[in-house]
1. Is it the case that some residue within the stretch 185-202 is part of a loop (DSSP other than H, G, I, E, B) and either surrounded by 12 or more Cβ atoms within 10 Å (Cβ to Cβ) or touching a residue at least 12 places away in the same chain (Cβ under 8 Å) (or both)?
2. Quick one: which residue in I274, I215, I250, I228 is modelled with pLDDT under 90, surrounded by fewer than 23 Cβ atoms within 10 Å (Cβ to Cβ) and under 23 Å from V92 (Cα atoms)?
3. For the condition in contact (Cβ under 8 Å) with a residue 40 or more places away in the chain, within 28 Å of R87 (Cβ to Cβ), of a type outside the set (F, W, Y) and outside any helix (DSSP H, G or I), what is the one hit in V240, V217?
4. Does W263 count as within 19 Å of the chain's Cα centre (by Cα) and touching a residue at least 60 places away in the same chain (Cβ under 8 Å)?
Amino acid sequence: MNEALTTVREQSMTTLILRRFFKHRLAGIAVGVLAVLVLASLLAGLSPYNPTDQEPTNHFEEPNSVHWFGTDELGRDVFSRILYGGRVSLAVGLISTFLSIFLGVVVGALSGYFGGLLDATLMRITDAFLTFPTIFVLILLGAFLREQQLFILQNSIFVVIIIIAALSWMWPARLVRGLFLVLREKEFVAASRALGGSNTRLIVRHILPNCVGPILVSGTLQMASAIITESGLSYLGFGVQPPTPTWGSILSTAQSQIFRAPWLGFFPGFMIFITVMAINYIGDGLRDAFDPYVIHTEK
C-alpha cells in the first residue's frame, strides 16, 4: 500500500515538473531545436558529400542549391562538415558533462554526508583543482597527451573529453556538498536512520533524489561550457585533430578567409551559438520546473 502511494506521488510530481517545464516557452522551443541538431548530426551519414573529400576546382563556392553552405578553400562541402562536426562537438559536450557531473556528485555526496576529516580532505583537493588556470591547463595537457605513444591517448576526441571532465567536476561537487549538508539534517533522513537505514540507502534513496533538480540545471551549464571549451581548443589547434571536423576547427580554418568567404565562419559560429543558447534555455526551464517553492504552491 505504501509503495503504491509512493509511486503515485512520484508520478504526480513528475507530471507537475514536466508541465512546469513546458510552460517555459523558450525552454520547450530549445528542446525542439536541440533535438533537431542532435538528429541532424546522427544522420550526417546521409549527406551526399564526404566531409573530407576535396574538389579543388570547386573551392570557395558560395552557398547554392548544390552546396547549401558553400565550400571551403579545398572544395569540401561545408554543410557536410558542419553535420559531422556536430557529432563531435555534441558528443564531447554530453560525455564530458556526464563524467564531470558523476565525479562531482560522488565527491560532493561523500563530503557533505560524512563531513569531518573526509570533508576537509575532499574540499581541499577540490579547492586545489579550482586554482588551476583552466584554459592554459587544457592547452598544456592536450599538447602533452598527444605526444604520448599509448594507444588510448592517440584518440584526440577521448583526450579532449577526459581533460574537460577532469577540470570541470569541482563546481557540481561543491553544489552537491552544500545540498547534502542541509538535507542530511532533515527529519526524513533522521527517521530513516532511526529505522536502521544504511548510509548507502540514505545517500542514494533519500538524499540524492532531492538534489536532482539543481544537478540537472548544473549539468546544462556544464554542457554549454564544455561545447564552448571544445570549440575554443579546436579553434586554437589543441583540440580534436584533423581530418576530423569540429565546429571550432572549421572556425579556425575560416579566420584567414573571413572577408573572401564569410560563410565559412558564419555557419559554424551560428551552430555553436544556437546550441549553447538552446542548452541555456533548457537550463532555465529546468530551474523553474524544479523550484521547490513554486511546486509546493501549485500542488
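1. Taking the stretch 185-202 as the starting set, the residues that turn out to be part of a loop (DSSP other than H, G, I, E, B) are 185-186, 195-198.
If we keep only those that are either surrounded by 12 or more Cβ atoms within 10 Å (Cβ to Cβ) or touching a residue at least 12 places away in the same chain (Cβ under 8 Å) (or both) as well, we get 186, 197.
Yes, the stretch 185-202 contains a residue that is part of a loop (DSSP other than H, G, I, E, B) and either surrounded by 12 or more Cβ atoms within 10 Å (Cβ to Cβ) or touching a residue at least 12 places away in the same chain (Cβ under 8 Å) (or both).
2. Numbers: I274 fails: modelled with pLDDT under 90; I215 fails: modelled with pLDDT under 90; I250 fails: surrounded by fewer than 23 Cβ atoms within 10 Å (Cβ to Cβ).
The unique qualifying residue is I228.
3. Working: V217 fails: outside any helix (DSSP H, G or I).
That would be V240, the only listed residue that is in contact (Cβ under 8 Å) with a residue 40 or more places away in the chain, within 28 Å of R87 (Cβ to Cβ), of a type outside the set (F, W, Y) and outside any helix (DSSP H, G or I).
4. Working: within 19 Å of the chain's Cα centre (by Cα): no; touching a residue at least 60 places away in the same chain (Cβ under 8 Å): yes.
It is false that W263 is within 19 Å of the chain's Cα centre (by Cα) and touching a residue at least 60 places away in the same chain (Cβ under 8 Å).
Yes/no per residue for (1) in contact with a strand residue (DSSP E or B) (Cβ under 8 Å, 6 or more places away or on another chain); (2) modelled with pLDDT of 85 or more; (3) not in a helix (DSSP H, G or I):
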residue: R9; (1), (2), (3): no, no, no
residue: T14; (1), (2), (3): no, no, no
residue: I17; (1), (2), (3): no, no, no
residue: R20; (1), (2), (3): no, no, no
residue: S41; (1), (2), (3): no, yes, no
residue: G45; (1), (2), (3): no, no, no
residue: P51; (1), (2), (3): yes, no, yes
residue: T57; (1), (2), (3): no, no, no
residue: V66; (1), (2), (3): no, no, yes
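The values are calculated or read from the model by the stated rules, or taken from the named source; none is laboratory data. This one's a predicted model, so the numbers in the text were calculated from it and none came from an experiment. No Cβ is skipped: glycine too gets one built from the backbone with ideal geometry, and neighbour counts run over all protein chains shown.
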